[in-house]
2 protein chains.
Amino acid sequence: MNRSRTKAPAGVNLPALRHHNAALVLDLLRAAGAEGISRLELAEGTGLTPQAVSKITARLREDGLAAGAGLRPSTGGKPRTVLRLVPDAQFAVGLHLDRDGLTAVLVDLAGRPVAVATAPLDLGAPAERVLADAADAVRDLCAAEPHKPVIGVGVAVPGPLDHRDGVLHRVTGFPRWDGYPLRAALAERTGLPVVLDKDTNAAALALALGGAGGGDFAYLHLGTGLGAGLVLGGEVHRGARTGAGEFGHQTLQLDGPLCGCGGRGCIEALCLAAEARGDRGEAARVLGTGAANLVGLLDIDRVVLGGRTVAADEDAYVRGVRAVIEERAARGGAGAGVTVTVAGGGDRPVAEGAAQLVLAPVFGRVGEEKRVGEEKADRG
Amino acid sequence: MNRSRTKAPAGVNLPALRHHNAALVLDLLRAAGAEGISRLELAEGTGLTPQAVSKITARLREDGLAAGAGLRPSTGGKPRTVLRLVPDAQFAVGLHLDRDGLTAVLVDLAGRPVAVATAPLDLGAPAERVLADAADAVRDLCAAEPHKPVIGVGVAVPGPLDHRDGVLHRVTGFPRWDGYPLRAALAERTGLPVVLDKDTNAAALALALGGAGGGDFAYLHLGTGLGAGLVLGGEVHRGARTGAGEFGHQTLQLDGPLCGCGGRGCIEALCLAAEARGDRGEAARVLGTGAANLVGLLDIDRVVLGGRTVAADEDAYVRGVRAVIEERAARGGAGAGVTVTVAGGGDRPVAEGAAQLVLAPVFGRVGEEKRVGEEKADRG
DNA sequence: CCACTTAAGCAACGCTGTTGCCAAAGTGCA
DNA sequence: TGCACTTTGGCAACAGCGTTGCTTAAGTGG
């Protein structure tokens, strides 16, 4: 269980223990995907007794979250029964509010999108207007798939914000949003629990859960700006004020050219300037140098690139970034074995990651926050 | 409980739950110090029932880890009984192996040193020789204070190393140590459990536990080199290969002056060069720029400076670093409310932090690693 | 067809924190 | 001085967790 000590009591009682272990099993079920996973493999993965796993999976099946999925070939004895997650048991909405558009997805427990909707959006419009557009998108999506239990809405937004309180800060270019309690407003409007986070964090979460699997990594998003989502220890690192990931305005050139932020020699300014003058190699080298700094500082084992600017020439950026990291590793610095890849998939991963913000607690990934004694009391 | 997922089973059974809650209570007892803390405050701090706390503290008292410490003034009813940690119940040895010397401390559960020893050391000597010196220091320290149950030895070493395996990597200036399994060797020699970590991590751990208390922070050590210890979410961040904290060779000046590491424009090179030519203000500004990068990237709320070079002129460095961070915050960047302080105390904090590496698990701070069913079975 | 192997469930168990209740130990007012 | 009240903390019973010991189910292989 999490131990974000310093605040929040971390005492564990039996319901909490039960919930924790159930979430652990669900997480393994999800990771196993459609193939499924046997009870004994679950036991090995959790460190629990096979009998305990049997009890837990029995409860999950009763709740409709897990189901049998055939048998494994025998290895000389009774064949193992394979279990799998029932993706249709619960759904979550992911909302990506960008500067010029809105993307909404309805995903199942496995994280697969079952419905997508996009619409134009003007972040410069009055708050009421934007809020209404967002709420409408959520409502339409839920209406399109009735009878689907939706457990919440995850919202990904560009600017700096407070994830804990669900309050926006000064979104770059739209200072008027500073202090707007988007989470509370949208929660009231939709009647659903809402989680708010930065778009880069949502993207990083999607990457952490999907495909390439675990490990610590940094997602670097180069679009009109440059930001980062950090996944450390398998969880999104948000920092003390949940503002972590300000990567674009790291100083990379002391007393370098002026940046829009007022600083000098920011990675973002250097990178975009190089890109603007057509020197993509230099842009990639700048980005790579920042990435290499990250690799050494945090000892991550994966760098993932994304964003429109990267998408325009994925190869050049991957090669350029990889070159810098490998050069430093060859000199004896950190970075040996670090892989550099691109996220791909355009902007939809951000919306899907936003939905994962809501799903994450189901699988025991962070964000439990004061979950005490909230179980449907009846059983049998 | 920890969730360093991706590896290591995280299932929780009753013994694990018991251990977790006991550690939680012990941690609060330690934080309370000599003043002590009442059962109801413990209940509030853990989220457990007062009755559960009573049971847990009864066990701790039976084991000699906790004891009564008077009464609180009544608030209209029965006065609260105050409990406190019994620091003499267990001890740990902290060992700091530096390039030119060795510091060994014996600390009690509260982290207070009860014995200190220093000796010259030559890291360039044969491994057997260094190992013998280290083992001797441990033995002498334990002998000086017999009847003290010592639960382990924490070792802080300069270079890069693997904390998980307890193996040294290429210590700067002493490449011969690359691959040496110091933890295993010293454990066999002393017959005690040994934990190995970088000196900067040990210092950071000491800071995280002592005095100024929680929060995320970075400890920046500027001596003959420049390194960092990161404390994120109340725990030392070590990264995927436990090599995190390589701060000195972050590029801060693209294509800047050559560094000893072979790179260009490393913070360390810039900082030490400025210091060498007497421009302390510039050295502080360089360090501050790196610190500000860190603050924005990780959203930490504290920067702590240390090391001999900083100690030579603490004020200049604190002011210089603080100036850069505040300037960036004033521009609307991250860093508002970040405090900048110095560690102080010279090198002994590193040895004390090394001892804390061993004590940390007692208080539930990370590093439990496969603790299953190891309890003294008898009771009563 | 039988011996063997592997998987999974049933029942009893030990131990956890919780609940309900009561004794202990103070304060404050009559 | 005495009684009502408040607050603390322990005792006992309890529900629920994973574990253990054993039995049953369901295969393989000679």
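The values are calculated or read from the model by the stated rules, or taken from the named source; none is laboratory data. Note that the coordinates shown come from a computational prediction; the quantities given were computed from them, not determined experimentally. Glycine also receives a Cβ, built like all others from the backbone with ideal geometry; neighbour counts cover every protein chain displayed.
Could you check the range B:31-42 and list, in sequence order, the residues that are closer than 21 Å to residue B:361 by Cα and within 12 Å of chain A (Cβ to nearest Cβ)?
The answer is B:31, B:42.
Could you go through the range B:168-181 and let me know if any residue there is on the phi < 0 side of the Ramachandran plot and under 12 Å from the mean Cα position of the chain (by Cα).
The answer is no, given that none of the residues of the range B:168-181 is on the phi < 0 side of the Ramachandran plot and under 12 Å from the mean Cα position of the chain (by Cα).
For residue A:71, only one of the following conditions fails: (1) in contact with a strand residue (DSSP E or B) (Cβ under 7 Å, 6 or more places away or on another chain); (2) without any contact (Cβ under 8 Å) to a residue 40 or more places away in the chain; (3) more than 10 Å from DNA strand D (Cβ to nearest atom). What is its number?
Tallying (1) in contact with a strand residue (DSSP E or B) (Cβ under 7 Å, 6 or more places away or on another chain); (2) without any contact (Cβ under 8 Å) to a residue 40 or more places away in the chain; (3) more than 10 Å from DNA strand D (Cβ to nearest atom), residue A:71 fails exactly one: (3).
Return the residues of the range A:238-285 that are touching a residue at least 60 places away in the same chain (Cβ under 8 Å) and among the charged types (D, E, K, R); say none if nothing qualifies.
A:238, A:241, A:246
Being closer than 20 Å to residue B:96 by Cβ, assigned to a helix (DSSP H, G or I) and either at pLDDT 90 or above or away from chain A (no Cβ under 14 Å) (or both) narrows it down to one of B:295, B:350, B:304, B:324, so name that one.
B:350
Can you go through B:272, B:226, B:222 and tell me which one is modelled with pLDDT under 95 and either at the interface with another protein chain (Cβ under 7 Å from one of its Cβ atoms) or surrounded by fewer than 23 Cβ atoms within 10 Å (Cβ to Cβ) (or both)?
Every option except B:272 fails the conditions.
Is there a residue being surrounded by 23 or more Cβ atoms within 10 Å (Cβ to Cβ) and out of contact with any helix residue (DSSP H, G or I) (no Cβ under 7 Å at 6 or more places or on another chain) anywhere in the range B:244-259?
No, because not a single residue in the range B:244-259 is surrounded by 23 or more Cβ atoms within 10 Å (Cβ to Cβ) and out of contact with any helix residue (DSSP H, G or I) (no Cβ under 7 Å at 6 or more places or on another chain).
Tell me yes or no: at least one residue of the range B:29-41 is of a type in the set (Gly, Ala, Ser) and in contact with a helix residue (DSSP H, G or I) (Cβ under 7 Å, 6 or more places away or on another chain).
No, because not a single residue in the range B:29-41 is of a type in the set (Gly, Ala, Ser) and in contact with a helix residue (DSSP H, G or I) (Cβ under 7 Å, 6 or more places away or on another chain).
Check the range A:101-117 and report whether any residue there is without any contact (Cβ under 8 Å) to a residue 24 or more places away in the chain, among the hydrophobic types (A, V, I, L, M, F, W, C), surrounded by fewer than 19 Cβ atoms within 10 Å (Cβ to Cβ) and more than 15 Å from DNA strand D (Cβ to nearest atom).
No.
Can you report the number of residues in the range B:10-49 which are of a type in the set (Lys, Arg) and within 13 Å of DNA strand D (Cβ to nearest atom)?
The number of residues fulfilling the criteria is 2.
Which of the residues that make up the range B:241-269 are in contact with a Pro (Cβ under 7 Å, 6 or more places away or on another chain) and facing chain A (nearest Cβ under 7 Å)?
Within the range B:241-269, B:243 is the sole residue that qualifies.
Does residue B:36 meet the test of being buried (at least 20 other Cβ atoms within 10 Å of the Cβ), modelled with pLDDT under 90 and within 25 Å of the chain's Cα centre (by Cα)?
Criteria met by residue B:36.
Among the residues of the range B:45-62, which ones are more than 11 Å from DNA strand C (Cβ to nearest atom) and surrounded by fewer than 14 Cβ atoms within 10 Å (Cβ to Cβ)?
Answer for the range B:45-62, where residues must be more than 11 Å from DNA strand C (Cβ to nearest atom) and surrounded by fewer than 14 Cβ atoms within 10 Å (Cβ to Cβ): just B:62.
In the range B:152-180, which residues are assigned to a loop (DSSP other than H, G, I, E, B) and under 29 Å from residue B:91 (Cβ atoms)?
B:158, B:159, B:163, B:164, B:165, B:166, B:180
Residues in the range B:301-340 that are farther than 27 Å from residue A:260 by Cα and in contact (Cβ under 8 Å) with a residue 12 or more places away in the chain: how many?
13
Specify which of the listed residues (B:278, B:288, B:337) is among the small types (Gly, Ala, Ser), at the interface with another protein chain (Cβ under 9 Å from one of its Cβ atoms) and either closer than 24 Å to residue A:295 by Cβ or outside any helix (DSSP H, G or I) (or both).
Every option except B:337 fails the conditions.
Does residue B:68 satisfy the criteria of being surrounded by fewer than 21 Cβ atoms within 10 Å (Cβ to Cβ), at pLDDT below 90, more than 20 Å from the chain's Cα centre (by Cα) and farther than 25 Å from residue B:364 by Cβ?
Spelling it out, it is not the case that residue B:68 is surrounded by fewer than 21 Cβ atoms within 10 Å (Cβ to Cβ), at pLDDT below 90, more than 20 Å from the chain's Cα centre (by Cα) and farther than 25 Å from residue B:364 by Cβ.
Considering the range B:90-100 alone, what residues qualify as being surrounded by fewer than 18 Cβ atoms within 10 Å (Cβ to Cβ) and not acidic (Asp, Glu)?
B:99
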